[in-house]
1. Out of Leu249, Leu230, Leu201, which single residue is over 30 Å from His151 (Cα atoms), exposed (fewer than 13 other Cβ atoms within 10 Å of the Cβ) and either touching a residue at least 40 places away in the same chain (Cβ under 8 Å) or touching a strand residue (DSSP E or B) at 6+ places or on another chain (Cβ under 8 Å) (or both)?
2. Is at least one residue of region 262-280 buried (at least 17 other Cβ atoms within 10 Å of the Cβ), assigned to a loop (DSSP other than H, G, I, E, B) and β-branched (Val, Ile, Thr)?
3. Could you tell me whether region 174-187 includes any residue that is in a helix (DSSP H, G or I), within 30 Å of Glu139 (Cα to Cα) and either among the acidic types (Asp, Glu) or in contact with a strand residue (DSSP E or B) (Cβ under 7 Å, 6 or more places away or on another chain) (or both)?
4. For region 204-235, enumerate the residues that are aromatic (Phe, Trp, Tyr) and closer than 19 Å to Thr82 by Cβ.
5. So which of Ile165, Ile222 ends up being in a helix (DSSP H, G or I) and outside the structural domain of Lys269 (by TED's automatic domain parsing)?
6. State whether one or more residues within region 194-204 are within 24 Å of the chain's Cα centre (by Cα), farther than 21 Å from Asn231 by Cα and not in a helix (DSSP H, G or I).
7. When you look at Tyr175, is it more than 18 Å from the chain's Cα centre (by Cα), outside the structural domain of Leu265 (by TED's automatic domain parsing) and not aliphatic (A, V, I, L, M), yes or no?
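The values are calculated or read from the model by the stated rules, or taken from the named source; none is laboratory data. Since this is a predicted model, take the numbers as computed values, not measurements. For neighbour counting, all protein chains shown are included, and Cβ atoms are generated from backbone atoms with ideal geometry for every residue, glycine included.
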Amino acid sequence: MKSLFSLLLSLFLISIHAQNIYSKAYGNKKNPPVIFIHGGPSGNATLFEGTTAQKLADKGFYVIVYDRRGEGRSKDEKATMTFKESFEDLNQIYHTYHIPKAHILAHSFGGIIGTLFTNQFPEKVQTLTLAGALFTQQETYDHILKQAKEHFKNDPAQLKEISEIENLDKNSAIYRKRCYEIAGRLNFFSMPNPTPESKVLRKEYEAGVFYKNNIRNTNSPIRFYQNEPLNNLDNTAVLKEIKRKGIPLFAVYGKNDGIFSEKQLNTLKNIVGKKNFKLIDNCSHYLFVDQQDEFLKFIELTLR
């Protein structure tokens, strides 16, 4: 009787806790499961969900999207934003959808979470795909600032600002924020030549319910840097360890994603293998919108 009570209490607590996490599944649950991990901190899955989730499901996958605790539609004032908490959220997704093993599709900062999760829980991951994902954070920041110095070499005010950023604590939320602000000013997140298809996707997204739910918790990065000591990582060794464990690694990046250097992408290609790596032309950070057909083609071919 006591053990039954404990089980019921445990299930009740899981149910209560699960209410904090927004998630939705697309497609037939009998198909291979794919869990999408969004960027951040302060991100959400609305752009992927509103443009791409159903289309990937139509390719024969069971696609699950979710917003991490305290981010997007998963409101939680007590969220700590740590990797431990992110792993708990992911494990909750596995539990909620009764999935023993899944393909992980990780975008931007989600790549850090997906990589660490895969290394810690290899038995739960079929494959890991990095899509415009961070893996060597300081190299990314250094690359952004180096490009900015070149671009603004005749602008003393901008050079002064870059120097100020370089002197900030590199393990701080403000350093990360200002690096990405500079990247945005350089149009590093923008598609060079928007296609008619990408314009339609953006327009439909911005006119729909997902854009209305594009909630950004500005406290998320601050909480993350306050609570998570591992906040400026180089996951090169971790990716190599994952490969040694026999988990297939894939990487798909926009050729015009300005936050990554050629050296970084070559390093990643050497880790995952030439056949498992793809650069998409006329494509930046949000590759599943910029070049959706090419993106879906890569995912469909690699996860079969």
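1. Among Leu249, Leu230, Leu201, only Leu230 is over 30 Å from His151 (Cα atoms), exposed (fewer than 13 other Cβ atoms within 10 Å of the Cβ) and either touching a residue at least 40 places away in the same chain (Cβ under 8 Å) or touching a strand residue (DSSP E or B) at 6+ places or on another chain (Cβ under 8 Å) (or both).
2. The answer is no; no qualifying residue exists.
3. Of all residues in region 174-187, those in a helix (DSSP H, G or I) come to 174-185.
Still in the running and within 30 Å of Glu139 (Cα to Cα): 174-185.
This time we only want the ones that are either among the acidic types (Asp, Glu) or in contact with a strand residue (DSSP E or B) (Cβ under 7 Å, 6 or more places away or on another chain) (or both), so: 181.
The answer is yes, given that some residue of region 174-187 is in a helix (DSSP H, G or I), within 30 Å of Glu139 (Cα to Cα) and either among the acidic types (Asp, Glu) or in contact with a strand residue (DSSP E or B) (Cβ under 7 Å, 6 or more places away or on another chain) (or both).
4. If the condition is that a residue be aromatic (Phe, Trp, Tyr) and closer than 19 Å to Thr82 by Cβ, then Phe224, Tyr225 are the ones that fit.
5. So the residue among Ile165, Ile222 that is in a helix (DSSP H, G or I) and outside the structural domain of Lys269 (by TED's automatic domain parsing) is Ile165.
6. The initial filter retains those residues of region 194-204 that are within 24 Å of the chain's Cα centre (by Cα), namely 194-195, 197-204.
After this cut, where a residue has to be farther than 21 Å from Asn231 by Cα as well, the list is 194-195, 197-204.
Subset that is not in a helix (DSSP H, G or I): 194-195.
Scanning region 194-204 turns up at least one residue that is within 24 Å of the chain's Cα centre (by Cα), farther than 21 Å from Asn231 by Cα and not in a helix (DSSP H, G or I).
7. Against the criterion (more than 18 Å from the chain's Cα centre (by Cα), outside the structural domain of Leu265 (by TED's automatic domain parsing) and not aliphatic (A, V, I, L, M)), Tyr175 qualifies.
Condition check ((1) in a strand (DSSP E or B); (2) at negative phi; (3) surrounded by fewer than 21 Cβ atoms within 10 Å (Cβ to Cβ); (4) in contact with a strand residue (DSSP E or B) (Cβ under 9 Å, 6 or more places away or on another chain)) across all residues:
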| site | (1), (2), (3), (4) |
| --- | --- |
| Lys59 | no, yes, yes, no |
| Val63 | yes, yes, no, yes |
| Tyr66 | yes, yes, no, yes |
| Lys84 | no, yes, yes, no |
| Gln92 | no, yes, yes, yes |
| Ile99 | no, yes, yes, yes |
| Ile104 | yes, yes, no, yes |
| Leu116 | no, yes, yes, no |
| Leu130 | yes, yes, no, yes |
